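Working notes, beginning with the structure itself.
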């Protein structure tokens, strides 16, 4: 029997608590990677309020157009990744988190930029509600795969050769387009025994740009639930 779904207000409150807790890892003068998604949006709002209150000089590196717009609306200064000397900390969400802090990300379609920013960050802080914690990746969510539109049907067929059910993501009757102009195929593998191996295999498929398996990237996870925010380490 599936676990009962939480009331939306409770889930949102947990997301807000996790996002606000992440601001505790930011200091004056830092460059901060800003992820994409509803939980990360709470972190961005809390960060903007802290910067304004304390007069900090903090710059953000946005991982999506949506995040750029949110940061701009809050008056949070942004810098392009290529113009940043370093990313001190990246704050982002996740769709699934396993006990080793491996992740599935990409429900929002920003996985390519999110992974690039995360790989350049000295510390990666993941913010989630406890519903995102799973015993094994692939338990609830498919693995999003960003691929080039050129020959995408053939790329999809090759992905299916890795023993998954692959579905082109739809957006109102047309293929969903990422901020990079690419397509996303959501691949259901079921429980994933070796996410590091699968991450490499997916990225070896011609036409694939990146996939939503984030293995060995997170330094800590802030998971909010009925007892508050827990800090999880690998």
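Could you check residue 33 against (1) surrounded by fewer than 16 Cβ atoms within 10 Å (Cβ to Cβ); (2) in contact (Cβ under 8 Å) with a residue 40 or more places away in the chain; (3) touching a helix residue (DSSP H, G or I) at 6+ places or on another chain (Cβ under 9 Å) and say which number it fails?
Of everything listed in (1) surrounded by fewer than 16 Cβ atoms within 10 Å (Cβ to Cβ); (2) in contact (Cβ under 8 Å) with a residue 40 or more places away in the chain; (3) touching a helix residue (DSSP H, G or I) at 6+ places or on another chain (Cβ under 9 Å), residue 33 misses just condition (1).
Suppose we keep only residues that are in contact with a helix residue (DSSP H, G or I) (Cβ under 8 Å, 6 or more places away or on another chain) and without any contact (Cβ under 8 Å) to a residue 24 or more places away in the chain within segment 165-224. Which one would you say is surrounded by the fewest Cβ atoms within 10 Å (Cβ to Cβ)?
Filtering segment 165-224 for residues that are in contact with a helix residue (DSSP H, G or I) (Cβ under 8 Å, 6 or more places away or on another chain) and without any contact (Cβ under 8 Å) to a residue 24 or more places away in the chain, the one surrounded by the fewest Cβ atoms within 10 Å (Cβ to Cβ) comes out as 168.
Residue check: is residue 94 assigned to a loop (DSSP other than H, G, I, E, B) and closer than 20 Å to residue 62 by Cβ?
For residue 94, the condition - assigned to a loop (DSSP other than H, G, I, E, B) and closer than 20 Å to residue 62 by Cβ - is met.
Just need a number here: residues in segment 72-91 that are within 15 Å of residue 41 (Cα to Cα), outside any loop (DSSP other than H, G, I, E, B) and out of contact with any helix residue (DSSP H, G or I) (no Cβ under 6 Å at 6 or more places or on another chain).
2
Specify which of the listed residues (184, 202, 192) is at pLDDT 95 or above, assigned to a loop (DSSP other than H, G, I, E, B), touching a strand residue (DSSP E or B) at 6+ places or on another chain (Cβ under 9 Å) and not assigned by TED's automatic domain parsing to the domain that holds residue 105. Give the derivation first.
Working: 184 fails: assigned to a loop (DSSP other than H, G, I, E, B); 202 fails: assigned to a loop (DSSP other than H, G, I, E, B).
When all the criteria are applied, what remains is 192.
The values are calculated or read from the model by the stated rules, or taken from the named source; none is laboratory data. None of these values were measured; they are calculated from a predicted model. Please note: Cβ atoms are built from the backbone with ideal geometry, for glycine as well, and neighbour counts cover all protein chains shown.
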